[in-house]
1. Would a scan of region 161-184 turn up a residue that is out of contact with any Leu (no Cβ under 6 Å at 6 or more places or on another chain) and either without any contact (Cβ under 8 Å) to a residue 12 or more places away in the chain or not assigned by the TED database to the domain that holds LEU208 (or both)?
2. Could you tell me whether any residue of region 522-543 is modelled with pLDDT of 90 or more, more than 24 Å from LEU567 (Cβ to Cβ) and surrounded by fewer than 17 Cβ atoms within 10 Å (Cβ to Cβ)?
3. When you check GLU245 against the structure, is it assigned by the TED database to the domain that holds HIS199, acidic (Asp, Glu) and assigned to a helix (DSSP H, G or I), yes or no?
4. Residue by residue through region 277-321, note down the ones that are more than 14 Å from the ligand (Cβ to nearest atom), of a type outside the set (A, V, I, L, M, F, W, C) and out of contact with any Phe, Trp or Tyr (no Cβ under 7 Å at 6 or more places or on another chain).
5. Suppose we keep only residues that are of a type in the set (S, T, N, Q) and surrounded by fewer than 17 Cβ atoms within 10 Å (Cβ to Cβ) within region 553-581. Which one would you say is farthest from THR518 (Cα to Cα)?
6. Could you list, in sequence order, the residues of region 102-127 that are outside any loop (DSSP other than H, G, I, E, B), within 16 Å of the ligand (Cβ to nearest atom) and in contact with a Leu (Cβ under 8 Å, 6 or more places away or on another chain)?
7. Could you pull out the residue among SER280, SER297, SER262 that is over 22 Å from PHE79 (Cα atoms) and either assigned by the TED database to the domain that holds PRO121 or over 31 Å from the mean Cα position of the chain (by Cα) (or both)?
8. Conditions first: (1) closer than 18 Å to ARG65 by Cβ; (2) within 16 Å of the ligand (Cβ to nearest atom); (3) among the basic types (Lys, Arg). ARG99 passes all but one, so which condition is the exception?
Amino acid sequence: MAPKKPPCLPSLLLPLLTLLLPQADTRSFIVDRENDRFLLDGAPFRYVSGSLHYFRVPRVLWADRLLKMRMSGLNAVQFYVPWNYHEPEPGVYNFNGSRDLTAFLNEASIADLLVILRPGPYICAEWEMGGLPAWLLQKPEIQLRTSDPDFLAAVDSWFKVLLPKLYPWLYHNGGNIISIQVENEYGSYKACDFTYMRHLAGLFRALLGDRILLFTTDGPEGLKCGSLQGLYTTVDFGPADNMTEIFALLRKYEPHGPLVNSEYYTGWLDYWGQNHSTRSISAVTKGLENMLKLGASVNMYMFHGGTNFGYWNGADEKGRFLPITTSYDYDAPISEAGDPTPKLFALRNVISKDGYLLSFLDILCPHGPIRSILPMTFEAVKQDHGFMLYRTYLTHTVSEPTQLWVPNNGVHDRAYVMVDGVFQGVLERNMKHQLFLMGKMGAKLDILLENMGRLSFGSNSSDFKGLLEPPVLGQTALTQWLMFPLKVDKLVKWWFPLPLLRSSHAQAPSGPTFYSTTFSILGEGGDTFLFLPGWTKGQVWINGFNLGRYWTRQGPQQTLYVPRPLLFSRGALNKITLLELENVPSEPQIQFLDRPILNSTLHKTYIYSLSADTQSPSEPMELSGH
Ligand SMILES: CCCCNC(=S)N1C[C@H](O)[C@@H](O)[C@@H](O)[C@H]1CO
């Protein structure tokens, strides 16, 4: 979330003050040259990042694109800041709407993505004038990207506005920016003006302090003029390039420290009048796999390209003037329209093999688990409502079905038990039914605990929730627990729809599973009642609103009231997400009825068929109860 704001001091004082203040926490992102790696908060860290340019995506879609990147297994996002996008005229600044850089940083933080920021002043990027404002050319003799005093004066003035905005977002200040690039592929520019680069490096240090990692990026041929003492050197290259040769060349500039490819090309740009550029999935994934095996940190350029709206496209000169197209699809893993492509899933598989794929737990429990010898209650880990996952590992093989139980009625309130992700069944408060399981030594035992609501009347309202006693397997009390307090509502708000219906022969998964889909209302619509025939028990959200619990199997309530104001009408898409805790039918359906069903008796299964004339449920046919 937005980091703590520094005291509003003159911008140049801030870094100085920070130096004087004791560092309030141990947040840090540094280069460990002894072990050729990054350290994040002292722990070995490698980023698998993707480029997404906020200035090529409408603000209302930022969250969607960023989450899709996170769900692809990335842990960082890299983006430029185009100077001309924010200073349309000298001294006039715009950081509003789709130019709200702070809002984008915050969206990245919400998506749990670290940030690699590239503020230029030149950014290239197939963007109008490489990000430099056209008004610089009102001085026709100006020497762009050099120590020309006119150019430096404009650069200084811009960065004295921009960089203090970034200061609170630096990782060690509580934000998510782990590194900042100085200039862009300067070694590819004819000037090779080290005075200019030293000026920029000094300005960044003066305004950002000395803790943030500053780096440069160049193609292999640009390292000589693009690298600078005090700035970490990185390279860029694509799948067709010789990774071994290029990294060997990089080692001449950075003999120690992590190898970094700051722009690994997943596709390429398009020019009007030429064929759409593509890069093969196999080549792109193979190259990524090889770099990950080397322990390199990689940023995939682009992971989502977006669009050159308005007049913002740039141009290249290759013997002739070549304007860039409006689409910046880039044959990227997320298409220009935001759709995951086969390339995304192929890259996700590579990242997952590397152990980098996010489980839901990374999103549901972004701060990681709490470790304890004995299980802790919801209250002890400061989780009031909803769900907590308890995880332990079997310390011995259980080769015969063995009872899992919790002494003193210690399940508060329902426990969904899995072994290595396979659903075993449910333990329930005040219920005597037994649960037997088997598993090899080292098998993962997960218990998803549901808080069904605290006592509101009775002898003791101190109704603690969770596992109040250590579960016992046979005669062995299980210890060494990890507790994951789950922020389910946060995930649901960003979840993009997944197909709800499965092909009939597919065995619907059992145990805690998310389902999500979209639906639209043709007319104005009205209040309605959600009916989930054949579903068992769970939680449901509509358009991010937590509608409540359903327990179709149990009754007597079979429908959930859906107030009309929750819904979008006239064809707009509504999103429904369900967390089914036990089982769904092979072809799960959701129905919206025009009346409630609150009176089904317990343990009976009803089939309601919508009668053709009224589209309302006929009288229920009672099937055998069980
Ligand atoms: C045809 C030469 C284009 C020069 N740009 C190159 S090599 N690239 C590197 C550059 O840093 C980046 O901003 C992008 O411009 C990328 C191409 O998408």
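1. No: zero hits.
2. No, there is no match, as no residue in region 522-543 is modelled with pLDDT of 90 or more, more than 24 Å from LEU567 (Cβ to Cβ) and surrounded by fewer than 17 Cβ atoms within 10 Å (Cβ to Cβ).
3. Working: assigned by the TED database to the domain that holds HIS199: yes; acidic (Asp, Glu): yes; assigned to a helix (DSSP H, G or I): yes.
Considered against the rule, which asks whether it is assigned by the TED database to the domain that holds HIS199, acidic (Asp, Glu) and assigned to a helix (DSSP H, G or I), GLU245 comes out as yes.
4. SER280, SER282, THR285, LYS286, GLU289, ASN290, LYS293, GLY295, GLY310, TYR311
5. GLN554
6. Within region 102-127, LEU117 is the sole residue that qualifies.
7. Going through SER280, SER297, SER262 in turn, the sole match is SER280.
8. Every listed condition holds for ARG99 apart from (2).
The values are calculated or read from the model by the stated rules, or taken from the named source; none is laboratory data. Since this is a predicted model, take the numbers as computed values, not measurements. As a convention, Cβ positions derive from the backbone with ideal geometry for all residues, glycine included, and neighbour counts pool all protein chains shown.
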